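The values are calculated or read from the model by the stated rules, or taken from the named source; none is laboratory data. From a predicted model like this one, the values you see are computed outputs, not experimental measurements. Cβ placement follows ideal geometry from the backbone for every residue including glycine, while neighbour counts extend to all protein chains displayed. With ligands, DNA and RNA removed, areas are computed over all heavy atoms of the protein, side chains included. Shrake-Rupley method; radii C 1.70, N 1.55, O 1.52, S 1.80 Å.
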Amino acid sequence: RLSKDYLRECGIAFYGKAVDLVSEKSPSGVPTNVTSDALKAFRDICKLTVEETYPAHMEFFGSVYKKSLLEAMGQTGVIRPEFRGPLDDLRDRLGVSEDSTRQLFLEAVAEKMKPMVEWIGSEFERTLLSQRQLSQRRKKDMGEDVFQTGKGATGVLGLGAEVNIMSDIMELVDFYKENDIIEKRPVAVKTAKATDGDADSTEQEYETIYPVTALGLGAIDQELAELLYRQFIVSTFQTQGPNAARYEASRETFAGILGLSESKKKQIGETIGHTVFDNFVSHAMSTKGSMDQQDIMFLANIQGKLGLTSEQG
């Protein structure tokens with residue numbers, strides 16, 4: 001004879017206590033079939049919807065799901081396809097909503113990704129910056145010169161060990177892609193006017209979202225993010241063979257992972273041509289005294305990739 005509203009008001013509070021009790025009695029943190037059925041029965045008695053029970057399940061079982069995510073990621077950080085089904089089953093068993101598990105997934109991604117980015121940034125600074133530059137960036141005296149040779153960074157384009165960090169960068173890109181972290185959100189519907197009496201066609205446009213970024217995590221600062229992006233572009237120009245196409249295809253993804261804005265990417269793209277041309281030509285002149293045909297072709301390739309005119313080149 002109790003009203004539905006009264007049942008719901010009291011039921012939500014008591015349901016939370018029931019979930020807490022089940023959590024305490026579950027050694028593995030995962031409710032048994034018996035306790036799961038008991039919670040469902042109690043939910044029905046209190047006239048609660050499944051959506052109304054999500055907060056309580058998230059509070060007491062969310063950490064269990066996140067722990068399972070981190071275990072599934074293993075050393076590589078990538079959740080293999082065979083683990084995705086069991087994780088979905090675990091989500092249903094724990095009674096946590098899809099939105100909540102997505103948020104827990106992004107938290108797990110952040111935990112795995114932050115040390116990866118910090119390592120790349122640290123290696124970049126250690127390899128490519130002089131003792132004075134490194135001291136200025138880290139705001140402390142670095143003591144002995146960090147380069148084993150005692151010299152500064154060298155390289156065809158004035159940027160040192162490109163390949164050394166490119167493998168780490170590509171591991172980060174693969175980690176992001178293979179975990180399906182990138183999101184596509186609808187932003188507008190594009191309508192194309194038909195001709196010859198046909199009906200107009202519509203196409204949904206999407207915005208690419210990078211929910212976890214290096215800048216957002218505080219793993220690197222803005223200056224280092226821009227330097228890493230410049231380094232990636234230069235390495236793309238220098239690399240030959242199958243890796244060249246792989247690097248080129250990953251450029252936008254890496255910029256998104258870093259968290260660079262569209263305006264900043266454009267600014268870097270507009271200025272890097274001058275830096276690359278200047279360093280490349282200077283190096284060629286100092287080592288060979290002249291530019292050969294291969295050098296000219298290399299610059300022409302860069303000119304095309306950066307969208308420079310012949311006059312600018």
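See the values below:
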quantity	calculated
Condition met for GLY313 (under 29 Å from PHE175 (Cα atoms) and open to solvent by less than 60 Å² (accessible area, probe 1.4 Å))	no
So VAL22, is it within 28 Å of the chain's Cα centre (by Cα), in contact (Cβ under 8 Å) with a residue 12 or more places away in the chain and assigned to a helix (DSSP H, G or I)	no
Failed criterion for ILE12 (all others in (1) in contact with a helix residue (DSSP H, G or I) (Cβ under 7 Å, 6 or more places away or on another chain); (2) within 21 Å of TYR65 (Cβ to Cβ); (3) of a type in the set (Val, Ile, Thr); (4) part of a helix (DSSP H, G or I) hold)	(2)
Within region 1-16, considering residues that are touching an Asp or Glu at 6+ places or on another chain (Cβ under 9 Å) and not small (Gly, Ala, Ser), the one farthest from HIS57 (Cα to Cα)	ARG8
Selection count where residues are open to solvent by 50 Å² or more (accessible area, probe 1.4 Å) and over 25 Å from ASP295 (Cα atoms), scope region 235-265	4
Residue in region 34-41 that is closer than 23 Å to THR213 by Cα and surrounded by fewer than 19 Cβ atoms within 10 Å (Cβ to Cβ) present	no
So LYS47, is it open to solvent by 30 Å² or more (accessible area, probe 1.4 Å) and assigned to a loop (DSSP other than H, G, I, E, B)	yes
Residue pairs meeting the criteria (Cβ under 7 Å; at least 6 apart or on separate chains; first surrounded by 14 or more Cβ atoms within 10 Å (Cβ to Cβ), in region 201-225; second among the acidic types (Asp, Glu))	PRO211/GLU183; ALA219/GLU118
Residues located in region 200-233, provided they are of a type outside the set (A, V, I, L, M, F, W, C) and within 24 Å of GLN103 (Cβ to Cβ)	TYR206, GLU207, THR208, TYR210, PRO211, THR213, GLY216, GLY218
Within region 145-187, tally of residues that are open to solvent by less than 90 Å² (accessible area, probe 1.4 Å), modelled with pLDDT under 75 and of a type outside the set (Phe, Trp, Tyr)	13
Cross-chain or 6+ apart pairs with Cβ under 7 Å, region 77-97 first and on the phi > 0 side of the Ramachandran plot and surrounded by 11 or more Cβ atoms within 10 Å (Cβ to Cβ), then among the polar types (S, T, N, Q) and assigned to a helix (DSSP H, G or I)	GLY95/THR53
